[in-house]
Amino acid sequence: MRSEQFDKLLPGIGVLGLILLWYIGYWTRIVDPVLLPSPDAAFIALWKGMSGGRLLHDFFQTVIRTFAAIAVASVVAIPLGIVLGANEKLYRSVEFVVDFFRSTPASALFPLFLVIFGVGDATKIYVASFGAALVILFNVAYGVMNARKTRILAARVMGASRWQVMKDVILMESLPQTFVGLRNGVSLALVIVVVAEMFIGSVDGLGHRVFEAQQLFNMPDMYAAIFAAGALGYGLNIMFLLIEKSFVHWSGK
Amino acid sequence: MTMNAIAPVIGPYRTAFGPDGNPPAHITARGLCKEFQGEVIYDNFNLDIPRGKFVSIFGPNGCGKSTLINMISGLVPVGKGDILFGGKTLADTRIGYVFQNYREALFPWMSAFENIHYALKLRNVADAEARERVKALVARLGVKLDLSRYPYELSGGQQQLVSIMRALIVEPEVLFLDEPFSALDYEMTLFMRDQLQRIFEETGTTTVLVSHDLEEAVYLADYVLLLSRRPGRIADFPMVPLPRPRNDETLSRPDFVDLKRHCLEIFQREVRRP
């Protein structure tokens with residue numbers, strides 16, 4: 001019992017260790033104090049920023065853009081992934097294109113999207129949804145293609161029509177893989193949104209905050225924004241994991 | 001009709017399509033041909049499966065036992081030939097099918113109850129009536145199972161029991177089972193055999209079981225269909241004249257042992273054929 005309680009505290013050791021290292025670096029002046037403020041300065045900046053300061057506003061801007069991007073990506077990629085997955089020949093014919101652009105860093109496409117959509121929110125959202133959509137598409141299509149043959153046969157032998165097999169079996173079968181795609185997609189969308197916010201024409205968002213703090217040499221603010229971005233990424237992942245667990249309870253069982 | 005019963009045996013194979021005793025046929029297969037990856041599995045195969053009886057199919061590995069019931073139940077297309085169920089086509093016949101791999105045959109997003117209920121939903125049975133019918137089946141079979149659980153929360157035997165109930169709920173004219181107990185441990189297998197026997201006695205549904213276990217095949221069956229090596233022929237189709245319900249004592253009865261030995265001889269003759 002005691003050791004179990006102790007085991008639960010294990011993740012805290014890494015956090016304490018990191019803070020300790022940070023303090024040692026700060027006190028011994030191994031790193032220039034201008035570049036590395038004390039942990040408390042950074043956390044005070046984080047606290048102030050997130051309790052009603054600018055940082056909170058930037059945080060929400062990034063959240064909104066990321067959710068908008070994942071929404072656009074889902075609306076496009078999920079139906080398309082189902083259609084492609086259900087027609088294996090069709091999928092094979094576009095597989096290379098999907099894989100190629102899935103492997104292309106979406107940030108490399110940002111200038112192109114700037115030219116097409118101009119400076120503004122739409123560009124950031126679209127470029128992020130482009131990257132996320134390919135990840136979701138790929139996962140949905142594979143989820144549909146890898147639906148268990150036996151389940152499809154079981155439904156057919158009970159008299160299910162093609163449409164019923166699709167809706168009641170194949171779609172449900174593809175859900176766990178779809179959620180894997182959504183989780184990877186949202187992580188990617190956040191990365192792209194934050195990068196996009198650092199570009200010219202941005203006025204808010206966590207990327208903008210980090211970039212601006214760095215330009216102004218306001219290091220506590222910069223670290224605060226980095227931690228806020230980290231917390232956002234971690235939180236989004238947990239959130240999607242929880243949705244996944246309650247939605248596709250049978251996943252992996 | 002009587003011609004079949006005394007049909008002469010030409011070579012090692014029977015020319016009669018049905019089993020010994022010539023009971024009235026329920027399923028008739030005529031002129032079945034099937035090739036798979038260039039191999040001839042069936043070439044002009046004929047078979048009569050009697051109505052309201054339990055038929056076990058046994059034969060050498062890869063002889064096409066599963067292929068046969070999959071063709072009859074429409075899971076794989078027939079190369080050539082006709083299969084009729086009391087003169088009706090498959091489309092006009094209610095069948096139940098139990099897969100070997102219950103883990104992949106049940107729907108894990110549905111509770112055990114919903115899995116069984118779904119078979120009725122596909123037959124457009126109104127929800128209230130469907131629920132009543134599931135409850136009635138559970139009561140009739142005397143199943144002690146928490147049906148609100150998901151399949152992955154149940155043991156292997158319980159999952160297969162749910163599969164069997166899903167197949168039975170539509171009151172099928174024919175029940176097919178493809179090695180239904182081969183993924184279960186021995187204790188569970190013995191238990192499930194008796195469950196299946198009880199279900200058969202209870203419903204009297206024409207039942208076709210593919211088995212890789214000769215003892216099980218003989219123990220459960222009214223007739224044992226022994227298949228030859230590819231291309232598939234009826235090597236023998238003996239009656240199992242043992243009283244029901246059968247139990248552990250059945251296994252040591254001299255007539256059971258003799259019949260099992262006879263089936264084993266035929267099986268080994270088939271396995272050793274060049």
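The table that follows gives values for the structure above.
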read-out	value
Condition broken by residue B:212, with the remaining ones in (1) outside any loop (DSSP other than H, G, I, E, B); (2) modelled with pLDDT under 95 satisfied	(1)
Residue satisfying all of: in the range B:240-274; in contact (Cβ under 8 Å) with a residue 60 or more places away in the chain and touching a helix residue (DSSP H, G or I) at 6+ places or on another chain (Cβ under 9 Å); surrounded by the fewest Cβ atoms within 10 Å (Cβ to Cβ) among these	B:267
Helices (runs of 4 or more DSSP H) wholly inside the range B:56-145 that include at least 1 residues being open to solvent by 40 Å² or more (accessible area, probe 1.4 Å)	B:102-105, B:112-122, B:127-141
Members of the range A:85-112 that are of a type in the set (D, E, K, R) and in contact (Cβ under 8 Å) with a residue 24 or more places away in the chain	A:88, A:99, A:102
From the options A:153, A:134, residue that is open to solvent by 10 Å² or more (accessible area, probe 1.4 Å), more than 14 Å from chain B (Cβ to nearest Cβ) and assigned to a helix (DSSP H, G or I)	A:134
Listing of helices (runs of 4 or more DSSP H) fully contained in the range A:171-253 that carry 2 or more residues being open to solvent by less than 40 Å² (accessible area, probe 1.4 Å) and more than 25 Å from residue A:125 (Cα to Cα)	A:171-197, A:219-247
Scan of the range B:1-40 for residues that are at pLDDT 70 or above and of a type in the set (A, V, I, L, M), ordered by number	B:16, B:25, B:27, B:29, B:32, B:40
Checking residue B:166 against (1) assigned to a helix (DSSP H, G or I); (2) within 14 Å of chain A (Cβ to nearest Cβ); (3) surrounded by fewer than 23 Cβ atoms within 10 Å (Cβ to Cβ), the condition it does not meet	(3)
Hits in the range A:1-30 - residues which are open to solvent by 60 Å² or more (accessible area, probe 1.4 Å) and more than 31 Å from the chain's Cα centre (by Cα)	A:1, A:2, A:3, A:4, A:5, A:6, A:24, A:26, A:27, A:28, A:29, A:30
Among the candidates B:35, B:104, residue that is of a type in the set (Asp, Glu) and within 14 Å of chain A (Cβ to nearest Cβ)	B:104
Selected residue (only one of A:127, A:144, A:115 is surrounded by fewer than 23 Cβ atoms within 10 Å (Cβ to Cβ) and either more than 12 Å from every other protein chain (Cβ to nearest Cβ) or modelled with pLDDT of 95 or more (or both))	A:115
Failed condition for residue B:181, given (1) closer than 26 Å to residue B:255 by Cβ; (2) modelled with pLDDT of 95 or more; (3) surrounded by 23 or more Cβ atoms within 10 Å (Cβ to Cβ)	(2)
Enumeration of residues in the range A:42-78 that are of a type in the set (Phe, Trp, Tyr) and over 17 Å from the mean Cα position of the chain (by Cα)	A:43, A:47
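The values are calculated or read from the model by the stated rules, or taken from the named source; none is laboratory data. As the structure is a prediction and not an experimental result, all values here were calculated from the model. Every residue, glycine as well, gets a Cβ built from its backbone with ideal geometry; the counts of neighbours run over all protein chains shown. In case anyone asks, the SASA skips ligands and DNA or RNA and just uses the protein heavy atoms, side chains included. Shrake-Rupley method; radii C 1.70, N 1.55, O 1.52, S 1.80 Å.
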